[in-house]
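Below is one structure, written out as C-alpha cells, with a few remarks after it.
The values are calculated or read from the model by the stated rules, or taken from the named source; none is laboratory data. Everything numeric in this text was worked out from a predicted model, so none of it was measured. Note: ideal-geometry Cβ built from the backbone for every residue, glycine included; neighbour counts use all protein chains shown. Accessible surface is based on the protein model in full, side chains and every heavy atom, while ligands, DNA and RNA are left aside. Shrake-Rupley method; radii C 1.70, N 1.55, O 1.52, S 1.80 Å.
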Amino acid sequence: PVGELGSARAEFADRGYDKASIRAIARGAEVDPALVHHYFGTKEQVFTAAVEGAFAPALPLPEIVVSENREDVGERLVRFAFGIWENALTREPLLAIMRSAVSNETAAGILRGLITRQLVSRVADEVAGPDATLRVELAVSQLVGVVMLRYVIKLEPIASAPSEELIGRLAPVVQSHLTGAAPHP
C-alpha cells in the first residue's frame, strides 16, 4: 500500500483530483487497479489516505503550542510550519493536496476535515481564552496564505524571500491570534 499512496500523491499532484484515476494510480505503483480498490476503496478513500499520510509531519503541532512558555508560541508555530514547507520531501505531497483541494470540492472537504480534526481542534484545546477555535483558524490562515503565495502561486517577492525574514514578520501576527484577546469594536 505504501507504493500506491506515493503513486496516488504523484497522480493527484500532476492531474488534480478530478482527472486522477484509480487506473493511473495503479499503473504508477505497478499494481493491478483491483489491488488499489481492495486496500483503499474509492478514489475519495485513496485521496483521504494520501492526505493523511502527507499530513503526518504536521501532527506534532499541538504539542509545539503547549510546550515551553506562551511568549514565543507564534514563532515556534511559524518556524515549525516553515520546517515542513521548506523540506522538499514533506512539501511535495502537501502541494499535491493543496492543488487538488483548490480545484475540487470533494478534495477540499477531505482536507478541511483533516485540518479541523488533526490541527485546529487539537490546538484549540490547548489555547487559553475565548474564541480559541477562531483564533487558531486565523493563525492557520496566515500560514496557509503564505504557503499559497510562496509555493503554489510563487508570487514575488514572497516566493524568494529568506525564510527567516518571513518567520520574523509572521510570528508576531500568529502570536497575536493565539494569545491575544478579541478586539473590541
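Listed residues R91, R99; which is in contact with a Phe, Trp or Tyr (Cβ under 9 Å, 6 or more places away or on another chain) and over 26 Å from L178 (Cα atoms)? Lay out the reasoning, then the answer.
Values: R91 fails: over 26 Å from L178 (Cα atoms).
None of the others qualify; the one that does is R99.
For region 67-74, state whether one or more residues are assigned to a helix (DSSP H, G or I), of a type outside the set (S, T, N, Q) and modelled with pLDDT of 85 or more. Talk me through it step by step, then tell me what you get.
Initially, region 67-74 is screened for residues assigned to a helix (DSSP H, G or I), giving 73-74.
Next cut, of a type outside the set (S, T, N, Q) only: 73-74.
Filter once more, so that each one left must be modelled with pLDDT of 85 or more: 74.
Scanning region 67-74, I find at least one residue that is assigned to a helix (DSSP H, G or I), of a type outside the set (S, T, N, Q) and modelled with pLDDT of 85 or more, so the answer is yes.
Of T48, T116, T106, T42, which residue is over 18 Å from the mean Cα position of the chain (by Cα), modelled with pLDDT of 80 or more, open to solvent by 30 Å² or more (accessible area, probe 1.4 Å) and hydroxyl-bearing (S, T, Y)? Let's see the steps before the verdict.
On the way: T48 fails: over 18 Å from the mean Cα position of the chain (by Cα); T116 fails: over 18 Å from the mean Cα position of the chain (by Cα); T106 fails: over 18 Å from the mean Cα position of the chain (by Cα).
Among T48, T116, T106, T42, only T42 is over 18 Å from the mean Cα position of the chain (by Cα), modelled with pLDDT of 80 or more, open to solvent by 30 Å² or more (accessible area, probe 1.4 Å) and hydroxyl-bearing (S, T, Y).
Can you find, within region 125-148, the residue that is most open to solvent (accessible area, probe 1.4 Å) among those that are in a helix (DSSP H, G or I) and of a type outside the set (A, V, I, L, M, F, W, C)?
The initial filter retains those residues of region 125-148 that are in a helix (DSSP H, G or I), namely 125-126, 132-148.
Filter once more, so that each one left must be of a type outside the set (A, V, I, L, M, F, W, C): 125-126, 133, 135, 137, 141-142, 145.
Working: D125: 124, E126: 79, T133: 70, R135: 20, E137: 89, S141: 59, Q142: 62, G145: 31 Å².
Top of the filtered list is D125.
Matching residues to (1) open to solvent by less than 60 Å² (accessible area, probe 1.4 Å); (2) of a type outside the set (V, I, T); (3) in a helix (DSSP H, G or I):
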site: T90; (1), (2), (3): yes, no, yes
site: R99; (1), (2), (3): no, yes, yes
site: V123; (1), (2), (3): yes, no, yes
site: R150; (1), (2), (3): yes, yes, yes
site: A159; (1), (2), (3): yes, yes, no
